[in-house]
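What follows is one structure encoded as structure tokens, with my remarks underneath.
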Amino acid sequence: MVLRSNSAAYSFIRLQLGIRISPFSASFHSQSSPKPFIVTNLNDALKVFDEMSQAHPLPSVVEFTQLLNDITKMKHFSSSIRLFNRMCALGVPVNEYTMSIVINCCCHLHRSNDAFAVLGSCFKRDIVPNTAIFNTLLNGLVVEGRIREAERLLVKVITNKLCEPNVVMYSTMIKGLCKTRDYVQAVGLLKLMDKSGCKPNVVAYSTVIDSMCKHKMIDDAFKIYKEMVFQKGIPPDAVTYNSLIPGLCKVGRSKEASKMLKEMSDDQKMSPNVKTFTILVDALCKEGKLEEAEAVIKSMPERDILPNIVTYNSLINGYCLQGEMSKARTDFDSLASRCLIPNVVTYNTLLKGYCNESKIDEAMHIFNEITERGLEPDVVTYTTMLQGLFRGKRCEDAKELFLIMKETGCSPNDTTYNVLLHGCLKNQQYDDVKMLLVEMDERGYLLWASNLSLLQSRIAAKILDESLFELICKLEPENSVNASCLDT
DNA sequence: CTAGGGTTAG
């Protein structure tokens, strides 16, 4: 149970802050007044603040707080906090609303400790924190992964009646519990809300559903979904579907995903968009169901949704995976007539397709086309091309390209190094192995399992020197991924 | 002022 009874009244906040809690202090009611200034950037805002702070008499707390709110909305959280401190120094009688903005800023900066310090000064100033303030604090802890502390805070809020917890507060706690995969407690809290009269809504349920979908617990997710819809009568919304559809795709159940997407499309209140459809198209392509993927794309305009370049990248990738390069090429060539501009991912996809077919000259052609079209080859482009060159046994070209890559300022990453290492080992380019291992070690990159076994076998066969073992051990291969796909 | 979601390539 989350809400075990706890008699250590007040202790959590008091201990944490060293402050006295006065829940019965009078609340401050500010009057609203028109906005004095309109600011759109930080510099203007800071100028306005300077003017305000030099005015006689000093503008009211309401005006200062509105300015603070504007700066916070521009996401200049640190500046807001600085100005708040200056307000306090000026003697502006800050109120509950000012405090909530500052606490919000601290939490956005992942500094809940500072947020609690602000809460402490609320109590000192006899400002009663409201539910929104406690929700923000709770969320701050959850965002920082301090789930146990978040739980304790919630318990204190309830047992000490610091504020009336609402559905937002419970949902925030549920998010935290899901984060640690504590679904027993997360679901328990849903039930407890029900009993306590604070009925869980679609957000509370969808939080749990989404987390389960992300962790491939699709059956559990549907159990909660059914409970929500059929037992509680809460209809799903677009967010619920956007969790369940990718969740089904992720576990290879694209048929059900496509049924669900149709269900979603039939609902007038729901609006699946191009991303929702692209998830399904991509899943179908990866399962090799290209005709179905094409059908989904064809059906999109009927729903006033136009496939974009990302949708077509998935389709092109699907054909590349099936080895149907001519179809991939046809779709690629048709992009212009659909008013779509290929991006670097499009080219990388085709490049990989040609490399997999060992059509290195075609791949080279695509590679050159990237720059001709005014795009920049990225680390994926270079890595794919390097892999293709090694596959075509063009080791000298590969080494040359690696140099060009570095010269143009494109930093190789761990995949690049593993691809190079694999290529060298498979092509008997043993002179380069040590240099690559040293550079990987310098950058802290991990060794793929496939490369580890290649290295071990070469050492066992006395082709490579035993002294490399020490270096290999430092690359922590036990944590690395299996890249046996390279051997195809 | 506070809680949940979604796309492509090595």
The helices (runs of 4 or more DSSP H) lying wholly within the range A:345-444 that contain at least 1 residues that are more than 15 Å from DNA strand B (Cβ to nearest atom) and open to solvent by less than 70 Å² (accessible area, probe 1.4 Å) are A:360-372, A:395-407, A:414-426, A:433-443
Would you point out which residue out of A:ASN139, A:ASN130, A:ASN166, A:ASN113 is within 8 Å of DNA strand B (Cβ to nearest atom), of a type outside the set (A, V, I, L, M, F, W, C) and farther than 16 Å from A:LEU189 by Cβ? A:ASN130
Does any residue in the range A:203-219 that is under 17 Å from A:ALA238 (Cα atoms) and open to solvent by 10 Å² or more (accessible area, probe 1.4 Å) come within less than 7 Å, Cβ to Cβ, of a residue that is within 9 Å of DNA strand B (Cβ to nearest atom) and among the charged types (D, E, K, R) six or more places away or on a different chain, and which pairs are these? A:THR207/A:LYS175
Could you give every pair whose Cβ atoms fall below 9 Å, whose first residue belongs to the range A:332-345 and is polar (S, T, N, Q), and whose second residue is within 12 Å of DNA strand B (Cβ to nearest atom) and open to solvent by less than 80 Å² (accessible area, probe 1.4 Å), counting only separations of at least 6 or pairs across chains? A:SER334/A:TYR312; A:SER334/A:LEU340; A:ASN343/A:ILE309; A:ASN343/A:VAL310; A:ASN343/A:ASN313; A:ASN343/A:LEU375
Report whether or not A:GLN456 is open to solvent by 50 Å² or more (accessible area, probe 1.4 Å), modelled with pLDDT of 95 or more and out of contact with any strand residue (DSSP E or B) (no Cβ under 6 Å at 6 or more places or on another chain). no
Of all residues making up the range A:82-100, the number that are open to solvent by 10 Å² or more (accessible area, probe 1.4 Å), outside any loop (DSSP other than H, G, I, E, B) and free of Cβ contacts under 8 Å to residues at least 60 places away in the same chain: 8
Name the helices (runs of 4 or more DSSP H) wholly inside the range A:231-338 in which the number of residues that are within 30 Å of A:LEU190 (Cβ to Cβ) and of a type in the set (Gly, Ala, Ser) is 3 or more. A:238-250, A:254-266
A:LEU177: passes all of (1) within 28 Å of A:MET87 (Cα to Cα); (2) modelled with pLDDT of 95 or more but (1)
Kindly list the number of the only condition in (1) over 24 Å from the mean Cα position of the chain (by Cα); (2) within 9 Å of DNA strand B (Cβ to nearest atom) that fails for A:GLN268. (2)
Among (1) under 18 Å from A:LYS250 (Cβ atoms); (2) in contact (Cβ under 8 Å) with a residue 12 or more places away in the chain, there is one condition A:GLY188 misses while meeting the rest; what is its number? (1)
All but one of (1) farther than 18 Å from A:GLY233 by Cα; (2) within 7 Å of DNA strand B (Cβ to nearest atom) hold for A:VAL184; state the number of the condition that does not hold. (2)
Any chance the range A:268-283 includes a residue that's under 24 Å from A:CYS355 (Cβ atoms) and in contact with a Gly (Cβ under 6 Å, 6 or more places away or on another chain)? no
Check whether at least one residue in the range A:60-74 is closer than 24 Å to A:PHE49 by Cα, more than 11 Å from DNA strand B (Cβ to nearest atom), part of a helix (DSSP H, G or I) and touching a Gly at 6+ places or on another chain (Cβ under 8 Å), and report yes or no. no
Does the range A:157-167 contain any residue that is at pLDDT below 95, in a helix (DSSP H, G or I) and open to solvent by 20 Å² or more (accessible area, probe 1.4 Å)? yes
So A:LYS259 passes all but one of these: (1) more than 20 Å from the chain's Cα centre (by Cα); (2) within 12 Å of DNA strand B (Cβ to nearest atom). Which condition number does it fail? (2)
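The values are calculated or read from the model by the stated rules, or taken from the named source; none is laboratory data. Keep in mind the model is a prediction, meaning the values are calculated, not measured. Cβ sites come from the backbone with ideal geometry, for glycine too, and all protein chains shown count toward neighbours. The area values use the complete protein model at the heavy-atom level, side chains included, leaving out ligands, DNA and RNA. Shrake-Rupley method; radii C 1.70, N 1.55, O 1.52, S 1.80 Å.
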